[in-house]
Structures are given as structure tokens and as C-alpha cells.
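Any read-out appearing in this document is the output of simple, stated calculations on the displayed coordinates, not a laboratory observation. Every value quoted in this text rests on a predicted model; they were computed, and no experiment measured them. Note that we place each Cβ from the backbone using ideal geometry, even for glycine, and neighbour counts take in every protein chain shown.
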Amino acid sequence: VIQLTSGFSNFFGATQTIALDKTFRFNSSINAAASRFVMVNPQQLRKSITSHTLVSTPAVSLLATADSTFSAVTKVLERICQLAEHGASVYLLARFRFDLPDRNEVGELQRRFPNMSIKTDSIHASKGKEADYVIVLGMGQGKHGLPSEMLTHPLIESLLPPREAHPFAEERRLFYVALTRAKHRVYLVANMARASRF
């Protein structure tokens, strides 16, 4: 619940804030894109993060494709192969696990690209983790899109804290997590006929 963070002193009394405002994970270009995106929400906690690694070129790319997930990921991995050092790590992330390649497909990708370490996760499970490169899948619209437009049952909704006024505020923070798992570059894969509003 974001209110426990944003209103911490209201719940727990007098506090002192120490800003953790420098990152050694993602570069300045990813930082700029991710921060600009999440700060669209006026109720988002304001913080200014600086990146240890400064770059002057874009580090978030969009692959607009109608290909299957496997074909799209293969195209991105071919591109990463041209840029990456031997042993680079690649993280395939999605809002829902069913948008990720299955175990056999990941095995096939690993055989095709033996110079890289390839792993998959849901965005939720990726919190606290990192990789050299991130590929975000499932960038569609609707119930199982990103943002997810899944409706919460009214009974469950009544037990939850009030929703934030900004649309998809929590999903926006989740997408920020996906963007900031990458050290060097993020690739967003989307079918533009039904692309995510993000």
C-alpha cells in the first residue's frame, strides 16, 4: 500500500528520511526515460535519482512487430549479440508469465545464443534483480495487458485501501520496475495494432 510509504510518519510517528538517490544498476538514459514515465502521476513520491553510468544515447527501444513472441525475442537477441560482451545476461519480463517463452523455447534460445545467459520472470518477481539487457513482453491492451485492465471483485475492492486517482498508478510503478532491471538497454516488444497505452 503506497500510503504506508508516502505517509510513513502518519502511521509510525517521528521519522528521519535518508535519500537513496544514486543508482549503480541502470544508466542515465534508462533513468531519464523511467523517471519521466513514472512521474506522470502527480501523487508519485518525488525523488531525483542520479546514475553512476552516464550515457548520451537512447537506451530504451521499441520493437513494433506482429511476429510471434519467440520470433520477436529472437530478433532482439540477434541485435543484443551485436552489442553485448560475451557472457551478457538477458532478462525476459512480462506482466503475466504466460506472455513469456516456455521452458522449451528458452532452451532453444539459449542454444541459439550460447554467449548470453537468458532468464525469464514476471515483472513482480523481478523486483531487486537485474540483467545487462531486458526485453519486456506482453505490451498489449486489455485484461491481460500492461497495464492490466483486470477488474477486482467488488468484495475484494471493499477490503483494499482507496484507489489512487491517477489511472493505473500501481501498474505504472510496476512498469518502472521492468525498465529499471536493465543495466545497459531495454527493449519493449509490442504489436502496434493493440499496443499498450504505456
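Rounded to the nearest whole Å³, what is the per residue volume of the convex hull around the Cα atoms of segment 1-104? Let's see the in-between values first.
Numbers: hull volume 19.0 nm³, N = 104.
Convex hull volume per residue, Cα atoms: 183 Å³.
Working from Cα positions, state the angle (0 to 90°, nearest 10) between the long axis of helix 103-112 and the longest principal axis of the chain.
Its long axis makes an angle of about 50 degrees.
What are the residues whose amide H is under 5 Å from the amide H of residue 120, where those residues sit 5 or more places off or on another chain and H is modelled from the backbone?
Excluding prolines and chain starts, which carry no amide H, the hits are 92.
How much FRET efficiency would the formula 1/(1 + (r/R0)^6) give for residue 115 and residue 71, where r is the Cβ-Cβ distance and R0 is 25 Å, rounded to 0.05? If you can, show how the numbers build up before the last one.
Details: r = 20 Å, r/R0 = 0.80.
My answer for the efficiency is 0.80.
If amide hydrogens are placed 1.01 Å from N in the peptide plane, which non-local residues have theirs closer than 5 Å to the one on residue 60?
The list, which skips near neighbours in sequence, is 186.
Averaging sequence separations of C-alpha pairs under 8 Å and six or more residues apart, then dividing by the length of segment 1-118, give the relative contact order as a whole percent. Write out the running numbers ahead of the final one.
On the way: 84 pairs, mean separation 24.4, N = 118.
The value is 21 percent.
Out of residues 5 or more away from residue 88 or on other chains, whose amide H comes under 5 Å of its own, with H placed 1.01 Å from N in the peptide plane?
117
Can you pull the one-decimal nm distance between simple spin-label points at residue 64 and residue 197, each 7 Å off the Cα toward Cβ?
So the two model labels end up 2.0 nm from each other.
Want the number for residue 124 to residue 36: 0.36 nm per residue separation, take away the alpha-carbon distance, what's left? Could you put the intermediate results ahead of the total?
Values: separation 88, 0.36 × 88 = 31.68 nm, distance 2.08 nm.
Contour length minus Cα-Cα distance gives 29.6 nm.
Compute the normalised compactness of segment 74-151: alpha-carbon radius of gyration over 2.2 N^0.38 Å, N being the residue count.
Details: Rg = 13.2 Å, N = 78, 2.2 N^0.38 = 11.5 Å.
With N residues counted in segment 74-151, Rg over 2.2 N^0.38 Å equals 1.14.
How many angstrom lie between the Cα centre of segment 5-68 and the Cα centre of segment 113-137?
The two parts, judged by their Cα centres, are 18 Å apart.
Quick check: the angle from helix 69-83's long axis to the longest principal axis of the chain, C-alpha only, nearest 10 degrees?
Orientation of helix 69-83: about 80 degrees from the principal axis.
Which ³J(HN,Hα) values, rounded to whole Hz and listed in residue order, are derived for segment 124-133 from phi using the Karplus coefficients 6.51, -1.76 and 1.60 in 6.51 cos²θ - 1.76 cosθ + 1.60 with θ = phi - 60°, glycine and proline given as x?
Karplus-based 3J(HN,Hα) across segment 124-133 equals 4, 6, 7, 4, x, 9, 7, 7, 5, 10 Hz.
Using 0.36 nm times the number of residues separating residue 150 and residue 47, minus their current alpha carbon distance, what extension gain do you get? Could you put the intermediate results ahead of the total?
Working: separation 103, 0.36 × 103 = 37.08 nm, distance 2.95 nm.
Answer, rounded to one decimal: 34.1 nm.
Just from its helices, what would the mean residue ellipticity at 222 nm be for the chain, if runs of 4 or more DSSP H residues each count -39500 (n - 2.57) and the sum is divided by every residue, rounded to the nearest 500 deg cm²/dmol?
Values: 7 runs with 63 residues, N = 198.
After summing the helix terms and dividing by residue count, I get -9000 deg cm²/dmol.
Given a cut-off of under 8 Å on Cα pairs at least six residues apart, what relative contact order in percent is computed for the chain? Each step should come with its number before you reach the end.
On the way: 317 pairs, mean separation 55.5, N = 198.
Relative contact order here is 28 percent.
Ranked from highest to lowest mean number of other Cβ atoms within 10 Å per residue, what is the order of the peptides 119-125, 63-69, 184-190, 171-177? Don't skip to the answer; put the middle values down first.
Values: 119-125: 17.1, 63-69: 14.1, 184-190: 23.0, 171-177: 19.1.
Put in order of decreasing packing, that is 184-190, 171-177, 119-125, 63-69.
If I compute Cα Rg over 2.2 N^0.38 Å from the structure I just sent, which labelled value in (i) 1.10; (ii) 0.96; (iii) 1.14 lines up?
(i)
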